[in-house]
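Inspection log for the structure reproduced underneath, given as structure tokens.
The values are calculated or read from the model by the stated rules, or taken from the named source; none is laboratory data. Keep in mind it's a predicted model, so treat the numbers as computed, not measured. All Cβ positions, glycine included, derive from the backbone under ideal geometry; neighbour counts span all protein chains shown.
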């Protein structure tokens, strides 16, 4: 089954700010007029790094959907690192929303990817679920922290390198998209790919 996850609350900050780029890009006197463009590049580069790694950098809230309870005693949550779980809810066959008690499960944030696991002696709810791929939905917070300095330096540097690449190649004449990741940036990103953790 494909992973279904939607963003609920976007991060309040970016992992890289304009002040971080001043020295990296050696910005000249025209810098103030370039600020809106650089902000767009930061946003695009951040999304690219998150796409490649499968991670989320600054804290944000997501909702993960499942059609049925897992066969085992836990399920993994996409978009690590996991910070906390707000709720685990589901709809029964009458479309009534039910909420699992937080005492019935444990939130494991010390492994990657993070997961929700049944507490000792507990079982998943036995209610008949609606026949829907979104019958069960877990709301959770993921990210490295609320501030940009909480994000690993290598990922922040990769974002700056992507911004620099876009800044210098804003009018490419080749068939290659500007979103192409330079080797130096990719080397910084690769160790953080979620695929290494088997989600």
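Count of the stretch 1-28 residues, restricted to those that are surrounded by fewer than 13 Cβ atoms within 10 Å (Cβ to Cβ), modelled with pLDDT of 80 or more and more than 13 Å from the chain's Cα centre (by Cα), is 2.
Just one of the listed residues (62, 69) is touching a residue at least 40 places away in the same chain (Cβ under 8 Å) and within 21 Å of the chain's Cα centre (by Cα), namely 62.
Here is the figure for the stretch 70-92: residues that are touching a strand residue (DSSP E or B) at 6+ places or on another chain (Cβ under 7 Å), surrounded by fewer than 18 Cβ atoms within 10 Å (Cβ to Cβ) and over 17 Å from residue 141 (Cβ atoms) total 4.
With respect to residue 39, determine if the residue is out of contact with any helix residue (DSSP H, G or I) (no Cβ under 6 Å at 6 or more places or on another chain), more than 30 Å from residue 112 (Cβ to Cβ), touching a residue at least 12 places away in the same chain (Cβ under 8 Å) and assigned to a helix (DSSP H, G or I). Step through it out loud before you land on a result.
On the way: out of contact with any helix residue (DSSP H, G or I) (no Cβ under 6 Å at 6 or more places or on another chain): yes; more than 30 Å from residue 112 (Cβ to Cβ): yes; touching a residue at least 12 places away in the same chain (Cβ under 8 Å): yes; assigned to a helix (DSSP H, G or I): yes.
So residue 39 passes the test.
The lone criterion from (1) free of Cβ contacts under 8 Å to residues at least 60 places away in the same chain; (2) assigned to a strand (DSSP E or B) left unmet by residue 47 is number (2). Number of residues in the stretch 72-87 that are within 21 Å of residue 132 (Cα to Cα) and under 19 Å from the mean Cα position of the chain (by Cα) equals 5.
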